[in-house]
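Novice: I have a structure I would like to understand better, so I am pasting it below and will then ask my questions one at a time.
The values are calculated or read from the model by the stated rules, or taken from the named source; none is laboratory data. All of these numbers come straight from a predicted model, not from anything done at the bench. Here the Cβ is made from the backbone with ideal geometry for all residues, glycine too, and neighbour counts use every protein chain on show.
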Amino acid sequence: MEKGYVQVYTGNGKGKTTAMLGLALRAAGAGLQVYIGQFIKNMEYSETKAIREFLPNIKIEQYGPGFIYKREITKEDREITAKGMEKALKALHSGEYDIIMLDEIHMAVSFGLLSVESVLEMIRQKPPQVELILTGRNAAAEIIAAADLVSEIAEIKHYYTQGVPAREGIEK
């Protein structure tokens, strides 16, 4: 790619990671090299299994403290996230990847695990030919302003609110 852009997928609806993964699949089909770093998440999902087994030109890593939505953030959570950001920056500047996708990075910022400024600095340092995809709820206004493309996914209706748990192959 001659020019890479910054894309943000945010909003309270289901589908931000799914949209990112669809783009990763499209990129893989075009022969592009993709790096996916997942903040917050730290368990095996169906997509991580599929990527590792079937898509050799996509590398996926998780650097998250796991489910932190209803507990205090710890020093260890911050350290894990900081190491993840280091890995993401290394991948961004490695020259190995056409696309860098950072899943749930907005949630990492929202929980105070990363600063808005650290993400803005990443955007400023992005090599011109690399596409950067940032996902997660609660994208900061400053990050939205710095992005080239922003999609907001809004929840209209979700069966989860009716008590349906995440289903293998659909939500996990």
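Novice: Exactly one of these conditions fails for LYS3: (1) closer than 19 Å to GLU168 by Cβ; (2) modelled with pLDDT of 95 or more. Give me its number.
Specialist: (1)
Novice: Follow-up question, since we're still on this one. If a residue must be free of Cβ contacts under 8 Å to residues at least 12 places away in the same chain and farther than 18 Å from ARG137 by Cα, how many such residues does segment 41-70 contain?
Specialist: Going through segment 41-70 one residue at a time, the tally reaches 7.
Novice: Can you tell which of ILE73, ILE58, ILE100 is β-branched (Val, Ile, Thr) and over 21 Å from GLN33 (Cα atoms)?
Specialist: ILE73
Novice: Return the residues of segment 58-85 that are exposed (fewer than 12 other Cβ atoms within 10 Å of the Cβ) and either over 12 Å from PHE111 (Cα atoms) or touching a Ser or Thr at 6+ places or on another chain (Cβ under 6 Å) (or both); say none if nothing qualifies.
Specialist: Once the filter is applied, which keeps residues that are exposed (fewer than 12 other Cβ atoms within 10 Å of the Cβ) and either over 12 Å from PHE111 (Cα atoms) or touching a Ser or Thr at 6+ places or on another chain (Cβ under 6 Å) (or both), segment 58-85 yields LYS75, GLU76, LYS83.
Novice: Still on this structure, please answer the following. Out of GLU72, GLU79, GLU117, GLU44, report the one residue that is modelled with pLDDT under 95, in a helix (DSSP H, G or I), at negative phi and not aromatic (Phe, Trp, Tyr).
Specialist: Values: GLU72 fails: in a helix (DSSP H, G or I); GLU117 fails: modelled with pLDDT under 95; GLU44 fails: in a helix (DSSP H, G or I).
Going through GLU72, GLU79, GLU117, GLU44 in turn, just one is modelled with pLDDT under 95, in a helix (DSSP H, G or I), at negative phi and not aromatic (Phe, Trp, Tyr): GLU79.
Novice: Moving to a separate point now. Report yes if LEU102 is within 19 Å of GLY64 (Cβ to Cβ), under 14 Å from the mean Cα position of the chain (by Cα) and not polar (S, T, N, Q), otherwise no.
Specialist: So LEU102 passes the test.
Novice: Also: Can you pull out the residues in segment 41-56 that are β-branched (Val, Ile, Thr) and more than 20 Å from MET107 (Cα to Cα)?
Specialist: ILE51 - this is the single residue of segment 41-56 that is β-branched (Val, Ile, Thr) and more than 20 Å from MET107 (Cα to Cα).
Novice: Can I ask one more? Restricting attention to segment 3-22, report how many residues are touching a residue at least 12 places away in the same chain (Cβ under 8 Å) and closer than 28 Å to THR161 by Cα.
Specialist: Adding up the residues that qualify gives 13.
Novice: If you take the residues in segment 146-159 that are exposed (fewer than 12 other Cβ atoms within 10 Å of the Cβ) and outside any loop (DSSP other than H, G, I, E, B), which one is modelled with the lowest pLDDT?
Specialist: Once the filter is applied, the top-ranked residue is TYR159.
Novice: Being surrounded by 11 or more Cβ atoms within 10 Å (Cβ to Cβ) and in contact with a Lys or Arg (Cβ under 8 Å, 6 or more places away or on another chain) is the filter; apply it to segment 120-145 and report the residue that is farthest from LEU89 (Cα to Cα).
Specialist: So the residue we want is ARG137.
Novice: Then there's this: Hey, can you tell me all the residues within segment 90-108 that are surrounded by fewer than 24 Cβ atoms within 10 Å (Cβ to Cβ) and part of a helix (DSSP H, G or I)?
Specialist: Those that are surrounded by fewer than 24 Cβ atoms within 10 Å (Cβ to Cβ) and part of a helix (DSSP H, G or I): LYS90, ALA91, LEU92, HIS93, MET107.
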